[in-house]
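Below you'll find the structure, written out as structure tokens, and then a few comments.
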Amino acid sequence: MQNPYRGKPDTQFWRRGVSNRGPDGVDPVVRVPFGISRDDRVATAGSCFAQHIARHLRNSGFHYFVPEDRPTLASAEDENYGTFSARYGNIYTVRQLWQLFQRAYGLFEPADVAWRRADGRFIDPFRPRIQAGGFEIVEALVAERAVHLEAVRRVFEDCNVFIFTLGLTEGWVSTRDGAVFPLAPGTVASEGDEDACAFHNFTVGEMEADLHRFLTALRRINPTCRVLLTVSPVALVATYEDMHVLEATTYSKAALRETAARADPLVGYFPSYEIITGPQARSAFFEDDLREVRPEGVAHVMSIFERHYLGVKTTPVAVASVAAARPLQDQGQVIREIQAVICDEEQIERSL
């Protein structure tokens with residue numbers, strides 16, 4: 001009998017596809033359902049790692065689509081314009097993404113309108129850290145949110161490519177109406193009913209259903225939109241589960257990976273998670289805290305992304321030589337961009 005594995009490519013064998021290659025020699029992309037041109041309006045959303053993709057697209061001359069841009073007469077308190085395509089902050093869970101779509105089109109009106117901070121200022125429960133100064137009155141917050149949701153509709157209706165980075169399975173859900181927040185109220189707000197919010201760890205089945213709902217709705221208003229999913233390689237800051245944070249991170253990323261991979265045959269999946277965390281990387285792409293991704297790791301991920309999706313001919317980025325090969329001013333710029341990544345999740349420890 002013939003060995004059924006005979007003739008399979010190197011990418012399907014561990015020894016040939018992983019063991020005999022260095023940290024910068026493994027390219028796990030084997031299926032590219034579509035390409036991205038410089039004319040495509042590319043929108044991004046998701047966890048903090050999605051911001052790297054956004055910056056790279058913009059810096060590479062591609063059309064990074066930002067319909068919610070800084071107003072001409074913006075005050076000093078206005079911030080986080082351009083971090084994502086709209087000013088929604090980190091969208092960590094698939095349920096958050098689906099509810100954002102529902103809120104943008106008036107299909108869901110959450111009971112939580114505003115939260116009050118210790119300094120008396122009001123914040124948006126669904127994007128609590130998009131404006132450091134908060135809002136003086138609830139009416140100002142509501143008015144600004146209406147502008148924001150109008151921009152969100154433009155993101156969904158006018159983009160040619162939508163890139164979403166799945167970040168977490170753990171979330172905090174309103175016990176009143178099921179609204180999902182990016183952070184537990186107690187990490188950012190000073191008053192409120194503690195029983196009005198409960199912890200929930202989403203299952204693969206729940207996330208698959210939410211993603212299917214979102215994709216179905218998106219295609220109704222934007223039938224030709226191409227969707228690319230990624231999973232953030234950044235570990236959890238903390239877990240609310242009664243387990244070690246390492247175990248919680250492993251579950252979260254595995255569940256997100258399963259959800260993204262089984263989303264839809266027409267949806268692309270880019271393996272940024274596998275590139276950074278795979279054993280071939282030997283942790284070379286992580287900072288000393290073993291959580292944050294080093295600039296070399298981001299550069300390596302983006303070189304593979306360029307090669308397959310942007311049609312740019314690139315060579316693998318050598319881990320040890322990335323910084324050395326870059327002019328000093330460029331090194332500084334990359335470091336500033338990495339440090340400037342906004343991660344709402346870090347507020348969990350800051351507020352302790």
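The values are calculated or read from the model by the stated rules, or taken from the named source; none is laboratory data. Keep in mind it's a predicted model, so treat the numbers as computed, not measured. Positions of Cβ are backbone-derived with ideal geometry, glycine not excepted, and every protein chain shown enters the neighbour counts.
So if I check each of A235, A263, which one is over 23 Å from R21 (Cβ atoms), touching a Lys or Arg at 6+ places or on another chain (Cβ under 6 Å) and of a type outside the set (K, R)?
A235
Name the residues in the stretch 91-118 that are charged (D, E, K, R) and either surrounded by fewer than 22 Cβ atoms within 10 Å (Cβ to Cβ) or without any contact (Cβ under 8 Å) to a residue 24 or more places away in the chain (or both), would you?
Hits for the stretch 91-118 are R103, E109, D112, R116, R117.
Within the stretch 29-37, is even one residue out of contact with any Phe, Trp or Tyr (no Cβ under 6 Å at 6 or more places or on another chain), polar (S, T, N, Q) and not in a loop (DSSP other than H, G, I, E, B)?
no
Working only within the stretch 94-112, note down all residues that are in a loop (DSSP other than H, G, I, E, B) and either in contact with a strand residue (DSSP E or B) (Cβ under 9 Å, 6 or more places away or on another chain) or of a type in the set (S, T, Y) (or both).
Within the stretch 94-112, Y105, P110, A111, D112 meet the criteria.
Can you confirm whether the stretch 209-218 contains a residue that is among the basic types (K, R), at pLDDT 95 or above and over 19 Å from the mean Cα position of the chain (by Cα)?
Within the stretch 209-218 (the criterion being among the basic types (K, R), at pLDDT 95 or above and over 19 Å from the mean Cα position of the chain (by Cα)), the answer is no, since none of the residues qualifies.
What are the pairs, 6+ residues apart or on separate chains, where a residue within the stretch 1-19 that is modelled with pLDDT of 90 or more has its Cβ under 9 Å from a residue that is of a type in the set (K, R)?
P9/R16; D10/R16
Among all residue pairs at least 6 apart or on different chains, which show Cβ distances below 7 Å where the first residue, located in the stretch 28-40, is closer than 23 Å to E157 by Cα and the second is of a type in the set (A, V, I, L, M)?
P33/L266; I36/V42; I36/V161; I36/L310; D40/V161
From the list D119, D158, which residue is farther than 30 Å from E274 by Cβ and at pLDDT 95 or above?
Going through D119, D158 in turn, just one is farther than 30 Å from E274 by Cβ and at pLDDT 95 or above: D158.
Name the residue, out of I53, I91, I130, that is in contact with a Leu (Cβ under 6 Å, 6 or more places away or on another chain) and either farther than 16 Å from V147 by Cα or not in a helix (DSSP H, G or I) (or both).
I91
Which residue pairs have Cβ atoms under 7 Å apart, sit 6 or more places apart or on different chains, and have a first residue in the stretch 295-311 that is free of Cβ contacts under 8 Å to residues at least 24 places away in the same chain and of a type in the set (S, T, N, Q) and a second that is crowded, with 19+ Cβ neighbours inside 10 Å and not in a helix (DSSP H, G or I)?
S303/V317
Within the stretch 22-39, identify whether any single residue is hydroxyl-bearing (S, T, Y) and in contact with a Ser or Thr (Cβ under 9 Å, 6 or more places away or on another chain), and answer yes or no.
No, the conditions are met nowhere in the stretch 22-39.
Can you confirm whether D177 is in a helix (DSSP H, G or I), surrounded by fewer than 22 Cβ atoms within 10 Å (Cβ to Cβ) and either β-branched (V, I, T) or at pLDDT 95 or above (or both)? Explain how you work it out, then say what you get.
Values: in a helix (DSSP H, G or I): no; surrounded by fewer than 22 Cβ atoms within 10 Å (Cβ to Cβ): yes; either β-branched (V, I, T) or at pLDDT 95 or above (or both): yes.
So D177 does not fit the description; no.
In the stretch 119-133, which residues are within 23 Å of the chain's Cα centre (by Cα) and either surrounded by 13 or more Cβ atoms within 10 Å (Cβ to Cβ) or touching a residue at least 60 places away in the same chain (Cβ under 8 Å) (or both)?
Of everything in the stretch 119-133, those that are within 23 Å of the chain's Cα centre (by Cα) and either surrounded by 13 or more Cβ atoms within 10 Å (Cβ to Cβ) or touching a residue at least 60 places away in the same chain (Cβ under 8 Å) (or both) turn out to be I123, D124, P125, F126, R127, P128, R129, I130, Q131.
Taking L266, is it touching a residue at least 24 places away in the same chain (Cβ under 8 Å), in a loop (DSSP other than H, G, I, E, B) and not polar (S, T, N, Q)?
So L266 fits the description; yes.
Is there a residue being of a type outside the set (S, T, N, Q), under 21 Å from the mean Cα position of the chain (by Cα) and in a helix (DSSP H, G or I) anywhere in the stretch 226-233?
So far as the stretch 226-233 goes, no, none of its residues is of a type outside the set (S, T, N, Q), under 21 Å from the mean Cα position of the chain (by Cα) and in a helix (DSSP H, G or I).
Which of the numbered conditions does I275 fail, given that it passes all the others? Conditions: (1) at pLDDT below 90; (2) farther than 21 Å from I91 by Cα; (3) touching a helix residue (DSSP H, G or I) at 6+ places or on another chain (Cβ under 8 Å).
(1)
Can you tell me which residue within the stretch 136-173, out of those that are surrounded by fewer than 20 Cβ atoms within 10 Å (Cβ to Cβ) and touching a helix residue (DSSP H, G or I) at 6+ places or on another chain (Cβ under 6 Å), is nearest to A189 (Cα to Cα)?
Step by step, filter the stretch 136-173, then rank; the result is L149.
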